[in-house]
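See below for the structure under consideration.
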Amino acid sequence: MPPTGDTNTGARTHKMAQSGYEIRYNILRDARDMLFQEWILKCDIHRRNCDLANKQIDTMPGAPSVDEIIARAEELYDFVCRK
């Protein structure tokens, strides 16, 4: 006899296959997120080093550019496509 109530409880859900556009968008988004996390870390380190040296913060590291994000996305995409 089948269980009563919610039959989806505990069942795994399967996502539909993503289109090529969705895959590329997700890789681009992941590349952006990775680079911005690295940039935030660099800024935090720079700020901390200035605090420890009792120095005024003069300039902060530059944020990732669009070209850098695209280059990282291409690296990730190439990695995924390799066999």
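A few notes on this one:
- Extension gain, residue 82 back to residue 57 (0.36 nm per residue minus Cα-Cα distance, nm): 4.7 nm
- Spin-label pair residue 65-residue 50: with each label point 7 Å from Cα along the Cα-Cβ axis, the two points sit 2.3 nm from one another.
Each reported figure results from applying straightforward, stated rules to the coordinates on display, with no laboratory input. All figures in this text were calculated on a predicted structure; none of them were measured in a lab. Note that each Cβ is placed from the backbone with ideal geometry, even for glycine, and that neighbours are counted across all protein chains shown.
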